[in-house]
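Right, one structure below, let's go through it.
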Ligand code: 1HE
């Protein structure tokens, strides 16, 4: 299968990935098709300092071309405590804008990268941690997960794309409530509201995320790419434009040799049926 994100300017291996002690990346699978990315700063609850945000950006911008799906999770008791507040005090307004734009670039690299990203959520998913989770395509929480946007109570504002992405998941009214009141949303309620698509027993989010990503990695790369890049754009287009974009993307996807082979396999009785599960 062709890699959708084959680079024209290799190097294209793990060795070429940026190294950061607080961000680990491991490749799994027979074809190294799964990237498992670990926020590894548990002593600070995986709070995201500038270096870690840059490492996230560089990692997602430089995934090896073997990678078809990624999982991101946090080491220790929490997914991510958000912005590293210890770096906040020194910034003036102009630096604040640039800092927010850095987060935008990094989380855009997650959301608009070449492959689907599954977030495994446990413990605190707060502030910038929720902004990071919102940039992923699938969120799997376990029962220990809790969500909050403490920015409101800290006298600041979201700056990592949360004002754009969180309302798309739960609506502006619920985000407003979270920020005005500091409300903490537990895992079950988060799933009902749309913060996660799955909720699993405590301790099982990563396993479920890995299972989903493994399955996702077997899809035709062009279909995955179209889902990541066309679906959100279509959602923001007027219906008539959206239908036209859909027609173009669906024609491109179905013209790929791999799509033809997959449909042929079904017609020949060699591919799985849709079953109740
Ligand atoms: C931190 C951070 C952090 C922990 N920046 N150092 N985010 C917040 O407002 C959330 C702040 N954090 C918490 O509410 C709690 O730490 C947790 C609920 C996440 C975890 O509680 P707990 O009891 O497991 O840990 P802890 O004892 O509070 O923290 C352990 C250490 O991590 C401690 O440092 P230590 O040197 O005293 O051991 C904490 O200071 C440190 N720590 N969270 C810096 N966030 C792009 S804009 C995004 C804007 C935001 O994200 S604002 C929301 C920030």
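Each value in this text was obtained by applying a stated rule to the coordinates, not by laboratory testing. Keep in mind it's a predicted model, so treat the numbers as computed, not measured. Note: ideal-geometry Cβ built from the backbone for every residue, glycine included; neighbour counts use all protein chains shown.
Observations
- Per-pair calculated FRET efficiency, R0 = 45 Å: residue 180 and residue 207 via Cβ, rounded to 0.05: 0.80
- For the range 26-145, the relative contact order comes to 29 percent (Cα pairs under 8 Å, sequence separation of at least 6).
- Once the chain from residue 86 to residue 32 is taken as fully extended at 0.36 nm per residue, the excess over their C-alpha distance is 15.7 nm.
- The mean sequence separation of alpha-carbon pairs under 8 Å and at least six residues apart, normalised by the residue count of the range 19-65, gives a relative contact order of 33 percent.
- Each 5 Å bin from zero holds the following percent of Cα-Cα pairs in the chain: 1, 6, 12, 16, 18, 17, 13, 9, 5, 2, 1, 0, 0, 0.
- Between residue 65 and residue 50, the modelled labels are 3.4 nm apart [label points 7 Å from Cα along Cα→Cβ].
- Considering the range 84-195, its Cα convex hull presents a mean projected area of 6.8 nm².
- Potential lengthening of the chain between residue 153 and residue 251 amounts to 30.4 nm, from the contour at 0.36 nm per residue minus the alpha-carbon distance.
- Compared with the dominant principal axis of the Cα atoms in the chain, helix 172-181 is inclined by about 30°.
- With Cα atoms, 0 to 90° folded angle of helix 93-111 axis to the chain main axis: 30 degrees
- Among 89, 163, sorting on how many other beta-carbon atoms sit within 10 Å of each Cβ, with the fewest leading, yields 89, 163.
- Theoretical FRET efficiency, 1/(1+(r/R0)^6), r = Cβ-Cβ of residue 173 and residue 101, R0 35 Å, to 0.05: 0.80
- Taking the longest Cα principal axis of the chain as reference, the axis of helix 50-61 is set at about 10 degrees.
- If R0 is 45 Å, the Cβ-Cβ spacing of residue 189 and residue 275 corresponds to a FRET efficiency of close to 0.90.
- The chain - percent relative contact order, Cα under 8 Å, separation 6 or more: 16 percent
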